[in-house]
Amino acid sequence: MSIDNKITTAVIPAAGLGTRFLPLTKSQPKEMLPIVDKPAIQYVVEEAVNAGITDILVITGRGKRAIEDHFDRNFELDFRLLEKQKLVELEALEKIESLANIHYIRQRDAKGLGDAVGVARYHVGNSPFVVMLGDDIMVDDSALLKSMLNDYKQTRSNIIALMRVEGEDISNYGCVALENDLDLITSADSQDKPIEISKLVEKPNLKDAPSNLAIMGRYILNPEIFDCIESITAGSNGEIQLTDAISLLSKSQKIYGRILERGRFDIGQKSEWIIANVTLAMERPELRDEITLALKKMLS
C-alpha cells in the first residue's frame, strides 16, 4: 500500500435533508442547528482543527449555502463590529474565518453516507483521511480524535469510533463484532489501545447484533475505501452504506475500534440536541446560574 501516512484531511458529510427536524430544516441546514451560540458544524470543524487537521472538505447538497457563508468572511458585518468597537465579537468571527482550509463539494443526489464519502475521492487522493459526521458532536477537547490519529500511527490501519449502547438502540447504528471475546475487553483496555474488529453489520435487529458496540461518527480510513464504495450495491432503501464499504475493506485490511466512553451528543435526535444545549450552556459561567434557577423552577 503506497500512501502518504500523514493525515491532514477531514471529510465532513453535510448533504443530508434533516427530515427529523422539519419544519426547522426546511429553510436551513441541520448542520447549522445552534448549540448555545455556535452551529453544530462549527463544533466539528473546531474538533478537527484541535486534533491537528488543516484541510477540511465539506460534502454539501442543495440548500446548504448557509454552511459556506458561516465560514466565509462577511466584510460588512466585520466593518460594523469594528465601527461599534465590538472587538470581542469581531475577534470571534475572525477566528471562525481562519480555522482551516475549508473546501466544498456537492453530492448531487442523497444516496447515502457511503456515496457522500465517495464524492471526496479526488480531493483526498491516495492518502488516509478522517470522516466526521456532523450529527455526532464530541465535546472532549478532541481527545477521541487525537487517540484515533495516534492509533493510526501505530497500526497504519482503519480506525472507527465505537460506543456501547443499550438494548434495541443498536438497531439505529452500524454494529461490530470483535476479534477477541467482548467479555475480555474492559473499559481500561479500550482506553489503552484500539481493539481489532472482525465483522461489521449495518443496523441489525437486537437478536442479530454481534455485540452492543455501535459505530459512532468518527472514522479514519485508508484510500482503498473508495474502491470498496464503488464496488458495493445500494441497500433496500436505495442508499450506499459506509458500513457496508468498510465491511468489504475488512477482507483485505484490518479494522480497529476505539471505544468512546463519554463526551458525545447525537444531535440528530431532538432530545439529544436539547440536552446538548442545556449541558454546554451550564458549562458557561455567564449562563449557569440563570439556567440552574430556571430548571429548578420547572422541576418543582
Task: Options 26, 30, 84, 95; residue that is charged (D, E, K, R) and surrounded by 13 or more Cβ atoms within 10 Å (Cβ to Cβ) - done: 30
Task: Leading residue by the ranking (nearest to residue 224 (Cα to Cα)) among those in the range 261-290 that are touching a Ser or Thr at 6+ places or on another chain (Cβ under 9 Å) and among the hydrophobic types (A, V, I, L, M, F, W, C) - done: 265
Task: Residue count for the range 164-174, restricted to those that are modelled with pLDDT of 85 or more and closer than 15 Å to residue 197 by Cα - done: 1
TODO: Inspect the range 221-243 for any residue being modelled with pLDDT of 90 or more, closer than 21 Å to residue 15 by Cβ, surrounded by 21 or more Cβ atoms within 10 Å (Cβ to Cβ) and touching a Pro at 6+ places or on another chain (Cβ under 7 Å) and give the result as yes or no.
DONE: yes
Task: Pairs with Cβ under 8 Å, 6+ apart, first in the range 257-276 and free of Cβ contacts under 8 Å to residues at least 12 places away in the same chain, second outside any loop (DSSP other than H, G, I, E, B) and crowded, with 19+ Cβ neighbours inside 10 Å - done: 272/265; 272/266; 275/265
Open item on the list: Cβ-Cβ distance below 7 Å, separation of 6 or more or different chains: which pairs start in the range 26-44 with a residue that is at positive phi and end on one that is among the hydrophobic types (A, V, I, L, M, F, W, C) and crowded, with 23+ Cβ neighbours inside 10 Å?
Closed with: none
Task: Condition met for residue 178 (over 28 Å from residue 16 (Cα atoms) and either at pLDDT 80 or above or of a type in the set (Lys, Arg) (or both)) - done: yes
TODO: Filter the range 123-146 down to the residues that are closer than 16 Å to residue 101 by Cβ and out of contact with any Pro (no Cβ under 9 Å at 6 or more places or on another chain), then identify the one that is surrounded by the fewest Cβ atoms within 10 Å (Cβ to Cβ).
DONE: 123
Open item on the list: For the structure I just gave you, tell me whether residue 12 is surrounded by 15 or more Cβ atoms within 10 Å (Cβ to Cβ), more than 22 Å from residue 280 (Cβ to Cβ) and of a type outside the set (Ser, Thr, Tyr).
Closed with: no
- [ ] May I ask you to verify whether residue 161 is at pLDDT below 90, under 30 Å from residue 121 (Cα atoms), of a type in the set (A, V, I, L, M) and surrounded by 13 or more Cβ atoms within 10 Å (Cβ to Cβ)?
- [x] no
- [ ] Read through the list (1) more than 27 Å from residue 235 (Cα to Cα); (2) among the hydrophobic types (A, V, I, L, M, F, W, C); (3) surrounded by 18 or more Cβ atoms within 10 Å (Cβ to Cβ); (4) free of Cβ contacts under 8 Å to residues at least 60 places away in the same chain, then give the number of the only condition that residue 149 fails.
- [x] (4)
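The values are calculated or read from the model by the stated rules, or taken from the named source; none is laboratory data. Since this is a predicted model, take the numbers as computed values, not measurements. All Cβ positions, even for glycine, are placed from backbone atoms using ideal geometry, and neighbour counts span all protein chains on display.
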